[in-house]
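*Asks:* Provided herewith is a single structure, encoded as structure tokens, for subsequent inquiry.
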Ligand SMILES: Cc1cc2nc3c(=O)[nH]c(=O)nc-3n(C[C@H](O)[C@H](O)[C@H](O)COP(=O)(O)OP(=O)(O)OC[C@H]3O[C@@H](n4cnc5c(N)ncnc54)[C@H](O)[C@@H]3O)c2cc1C
């Protein structure tokens, strides 16, 4: 019998397995694909995500060091840069493979190319049935990503209508072209549709181009993507894929459950930016720690502890990001002009997701100075109307 079985080997699953093995538990991770596998992603790993990892990622995985953001709206652009890197871009297939190797090194048993078909909770254990056999475990952590069905079968998942939609494509380009166009910058376009944004992120030898947003504001995904590619000088006929980003709601199993959902399976995605890697890593670690504490009877029930810790650290604070998303995406012109008029406001906004800070900290910093920013904004408006 295992102490914990992890279903899915993305950042949430690897982090859960690695931390559980570190804590001395008998761990099995089951992943349906063979790695390296494709994972749709813009591939920006925030500084916060890197600090959550218990190890440094090798230089070979670090494609572009990101120090700033270029914000585009209505033909205008605004750039801000930080003194030190705020993120790094990676290709997810290799990044995820490395994380999984680290979990194996720590002592977790890994089975790839094997799909988990069912997770069934019994009184004293969990039965996990895969495509080849059944396993018994004291706990299970579901890390199946946004498209899984295991959580849903147990009556828990992020409702489809609350998830954001996304399309993305990798556009090949000589590395010098990538560096010329985006020197250490992520490029984000707002105002092309409500509730979401389009991106161009630099990678080694390619750009990640894509968009994400919420229905009903974003419906014609492929058409919007085609226009965006065209307007930015990319071929419009490259194949694009659609995906879900569960950024609308977080979900938790009941406190006494032997099953926990981490990462995208729990809806742990920043509703403003769509960043999910750092919360996948962190929630995977918290899941493992909660299970380890429960196994050693050090603390209370695992699922209850998991929910409490996730809510305290980040999940409850997503509501502030949601508030900011409302302002940013509904009133992009106001948001853009506000940032344009106050560079400090912009720079600090960049630092929020980059560092271990949350938007609630940003808002606490913003509110006392908002009257100043608003005055600058109104002054600018007045001057422009006089011209
Ligand atoms: C287009 C797009 C762009 C994004 N860009 C960024 C970005 O730039 N930065 C960022 O921080 N976040 C980004 N995200 C979000 C980020 O990709 C996710 O939040 C993150 O991958 C979640 O990690 P996870 O481990 O929960 O799930 P995943 O990474 O999806 O991993 C889930 C794993 O579970 C496996 N699996 C599924 N079902 C089963 C099963 N039944 N049995 C066994 N294995 C199974 C899958 O094969 C997969 O390997 C993006 C998302 C999308 C869609």
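*Asks:* Please state which one of 271, 235 is over 18 Å from the mean Cα position of the chain (by Cα) and more than 10 Å from the ligand (Cβ to nearest atom).
*Replies:* Being over 18 Å from the mean Cα position of the chain (by Cα) and more than 10 Å from the ligand (Cβ to nearest atom) holds for just one of 271, 235, which is 235.
*Asks:* Kindly establish whether residue 191 is on the phi > 0 side of the Ramachandran plot, in contact (Cβ under 8 Å) with a residue 24 or more places away in the chain and crowded, with 20+ Cβ neighbours inside 10 Å.
*Replies:* no
*Asks:* Let me ask you something else. Having 3 or more residues that are farther than 17 Å from residue 17 by Cα is the bar; report the strands (runs of 3 or more DSSP E) wholly within segment 102-163 that clear it.
*Replies:* 116-121, 126-130
*Asks:* Here's a follow-up. Would you confirm whether or not segment 243-252 contains a residue that is within 16 Å of the ligand (Cβ to nearest atom), in a loop (DSSP other than H, G, I, E, B), farther than 30 Å from residue 156 by Cβ and touching a residue at least 12 places away in the same chain (Cβ under 8 Å)?
*Replies:* Within segment 243-252 (the criterion being within 16 Å of the ligand (Cβ to nearest atom), in a loop (DSSP other than H, G, I, E, B), farther than 30 Å from residue 156 by Cβ and touching a residue at least 12 places away in the same chain (Cβ under 8 Å)), the answer is no, since none of the residues qualifies.
*Asks:* Specify the residue that is farthest from residue 245 (Cα to Cα); the eligible residues are those in segment 120-144 that are surrounded by 23 or more Cβ atoms within 10 Å (Cβ to Cβ) and within 13 Å of the ligand (Cβ to nearest atom).
*Replies:* Checking each candidate, the answer is 128.
*Asks:* Among the residues of segment 260-276, is any part of a helix (DSSP H, G or I), more than 25 Å from residue 210 (Cβ to Cβ) and touching a strand residue (DSSP E or B) at 6+ places or on another chain (Cβ under 7 Å)?
*Replies:* Taking every residue of segment 260-276 in turn, none turns out to be part of a helix (DSSP H, G or I), more than 25 Å from residue 210 (Cβ to Cβ) and touching a strand residue (DSSP E or B) at 6+ places or on another chain (Cβ under 7 Å).
Coordinate-derived values only; no laboratory data. Keep in mind it's a predicted model, so treat the numbers as computed, not measured. Positions of Cβ are backbone-derived with ideal geometry, glycine not excepted, and every protein chain shown enters the neighbour counts.
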